[in-house]
2 protein chains.
Amino acid sequence: MNHPSTEHELISELKSLLQIHSPRYEIEIGDDAAVRRGNNSDQIILTTDLCVQDVHFKTEWMTFREIGYKAMVTNLSDCASMGASPESALIQLVFPKNDPALLEHIIQLYQGFNDACARWDFPVIGGDLSCGNSWIIGITLLGHVPSHSRTLRRSGAQAGDCLWVSGETGKSLAGLHCLQKWGRKHTPDKFKSFVDSHVRPEPQIGLGIALRENVAIHAMMDLSDGIAKDARTIGYENGLGVILKFDSSHISPLMIELGEILDSNPFEWVIQGGEEYELLFASSDSFNPGSVPGDTARRCKCIGTFTKERKGLWYHDGYSLTEVHTKGWNHL
Amino acid sequence: MNHPSTEHELISELKSLLQIHSPRYEIEIGDDAAVRRGNNSDQIILTTDLCVQDVHFKTEWMTFREIGYKAMVTNLSDCASMGASPESALIQLVFPKNDPALLEHIIQLYQGFNDACARWDFPVIGGDLSCGNSWIIGITLLGHVPSHSRTLRRSGAQAGDCLWVSGETGKSLAGLHCLQKWGRKHTPDKFKSFVDSHVRPEPQIGLGIALRENVAIHAMMDLSDGIAKDARTIGYENGLGVILKFDSSHISPLMIELGEILDSNPFEWVIQGGEEYELLFASSDSFNPGSVPGDTARRCKCIGTFTKERKGLWYHDGYSLTEVHTKGWNHL
């Protein structure tokens, strides 16, 4: 089957069990979000993500307000990757009954949710609360694309297309390594920006909207599981392979310095690091980031090309091709 | 504040933290579902519910297929209570990594989801999977009400209205007591119908749609936490009190027999038992269940009246009024 991951394979199996389909939904399971077309041809996108204590976050390293904000960002990033504006959210919260500061922590989580809602101007319209063994946040987000425009999808990339990423990657994983080594309080000041990337990531909502209006863009997804896994996925969805080409400018001197201190390879962070919430997209040769309104597109870099000559993900170091394997997060 | 529960009180506090609202959503937090009005005036309703292992279900007593089906029914019942038809669902699943039959159980859960989807003809359009400490199912359901009609809400009941319930209650709690006493296998055959009510409840989708078309119906919610809590809630939402009046026909001889064996009061099951998924609704005097198309309305019983003379929930036994306190499920 050559699926990008065992998770991908399981989802395909579950999809085949679910036999009911509706013409109202142009995209059901399998993209970053579902797409519903209304009678007036406006599109609603729907996406849902789980944040589980000790799997996706640790309460020792982040405040509850930061955890709430980041849980919302995880969904906002899926919204960005379709080129949609966030419209509303529903929140499911499981809390551990034995937390002595339970109500305070619930309120801080909701302050974090509200920080994201206020920044991107959308309401929380519903939810559910239950006790359980640990903290779990499930968010369902609705986004909106007006009738004159389109949603961007994982499918649509063509052989010869360029693969772009919307900014520097590896920062979130570098920040996680700082937290593991030093904790929040004792991370050296010079590396605190990496911790910031991990605890308060930035979803690319504005850039996603700008890119949907550009006909040179063929396909898009967000970078939640790392380039190595997500670039392989976008290739797989289009029956193509991807050849990555990085130049040294993709790894900052500060990241190299941190890698030496932690005895880690920062190149691994850059291609394996998840939770970046940058956008990964395919474009024709004609795409020029300078022509996109706003500043964010200036940070975009072409990091590879799509090919029909081979499947899977490859790295070209200037001399030869090496196959890249996924170390990104896998639940199964 | 006189809220119907501490949970209700917490939700009010969380609502006040969430400061962004949107004119597109007629109802945000606080009813059984949110209501979104599209440009063409069709209404989409959105509801979300959590099912947590050992809080809402036990894997010892139900198959995974039954657990999946019932999780969907919990949401379908919220959809029914607005008078909507189910349109699509998103599923969030947390699974315990140490389950030796993990993949098999995930597939059985999805078979249960699909049983409900096939019966009411709606697709699963998305979801998310993560490992965690125990089984947790979070479902977000979308429903649809055509532009010529209306959604039914918790608000709208008037003093003098009759309070109706769509069928016999207490069966699900009676079934739970059978499971606690005898387990699934050793429950006596004559009481197995109570266990069936608990493990395979019936959402009142068809009745909900029929009632929305009847102008005598003023307000509606579903019975997920028991009459004692939910009737109090519908009164509270309308600034009214509720006076319950049951006749003996509301408790079946079989339930009385089970109550004697288990040394429990079946009247408590009837008014405190949750997870019934019957509808609770307010109507004017002119409502006649016989005029509603289909058979289900024949089972409806008037069990009380709304009053502005007193707040809270009261029981009239034919001689005097007694205040009824809530023992229904409370997470906090």
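The values are calculated or read from the model by the stated rules, or taken from the named source; none is laboratory data. None of the values given here were measured: they were computed from a predicted structure. All Cβ positions, glycine included, derive from the backbone under ideal geometry; neighbour counts span all protein chains shown.
Worth a mention:
- Condition broken by B:ASP247, with the remaining ones in (1) under 19 Å from the mean Cα position of the chain (by Cα); (2) surrounded by fewer than 20 Cβ atoms within 10 Å (Cβ to Cβ) satisfied: (1)
- Segment B:1-37, residues that are closer than 18 Å to A:ASP121 by Cβ and hydrophobic (A, V, I, L, M, F, W, C): B:LEU17, B:LEU18, B:ILE20, B:ILE29, B:ALA34
- Test for B:GLY143: is it part of a helix (DSSP H, G or I) and in contact with a helix residue (DSSP H, G or I) (Cβ under 6 Å, 6 or more places away or on another chain): no
- Taken over segment A:310-332, the criterion of being in contact with a strand residue (DSSP E or B) (Cβ under 7 Å, 6 or more places away or on another chain), at pLDDT 80 or above and not in a strand (DSSP E or B) is satisfied by A:ARG310, A:LYS311, A:GLY312, A:VAL324.
- Test result for B:GLY156, in a loop (DSSP other than H, G, I, E, B), away from every other protein chain (no Cβ under 14 Å) and either of a type in the set (Asp, Glu) or surrounded by fewer than 21 Cβ atoms within 10 Å (Cβ to Cβ) (or both): yes
- Selection from segment B:80-104 of residues that are within 26 Å of B:TRP120 (Cα to Cα) and away from chain A (no Cβ under 12 Å): B:ALA80, B:SER81, B:GLY83, B:ALA84
- Checked across segment B:217-224, the condition of being surrounded by fewer than 24 Cβ atoms within 10 Å (Cβ to Cβ), of a type outside the set (Asp, Glu), under 28 Å from B:THR6 (Cβ atoms) and modelled with pLDDT under 95 holds for at least one residue.
- If only residues of segment A:105-133 that are farther than 25 Å from B:ALA89 by Cβ and small (Gly, Ala, Ser) are counted, the one that is nearest to the other protein chains (Cβ to nearest Cβ) is A:ALA118.
- Count of segment A:226-256 residues, restricted to those that are at pLDDT below 90 and either touching a Lys or Arg at 6+ places or on another chain (Cβ under 8 Å) or not in a loop (DSSP other than H, G, I, E, B) (or both), is 3.
- Summed over segment B:159-183, the residues that are in a loop (DSSP other than H, G, I, E, B) and within 19 Å of the chain's Cα centre (by Cα) give a count of 5.
- Among the residues of segment B:35-56, those identified as free of Cβ contacts under 8 Å to residues at least 40 places away in the same chain and either assigned by TED's automatic domain parsing to the domain that holds B:GLU275 or touching a Lys or Arg at 6+ places or on another chain (Cβ under 7 Å) (or both) are B:ARG36, B:ARG37.
- Any hit, segment B:264-279, residues being surrounded by fewer than 18 Cβ atoms within 10 Å (Cβ to Cβ), in contact with a Ser or Thr (Cβ under 8 Å, 6 or more places away or on another chain) and at pLDDT below 95: no
- For segment B:11-47, a residue qualifies if it is polar (S, T, N, Q) and facing chain A (nearest Cβ under 7 Å), and the qualifying residues are B:GLN19, B:SER22, B:ASN39, B:ASN40, B:THR47.
- Contact map, segment B:170-181: first residue touching a residue at least 40 places away in the same chain (Cβ under 8 Å), second residue of a type in the set (Ser, Thr, Tyr) and assigned to a helix (DSSP H, G or I), Cβ cut-off under 6 Å, separation 6 or more or different chains; pairs are B:LYS171/B:SER197; B:SER172/B:SER197.
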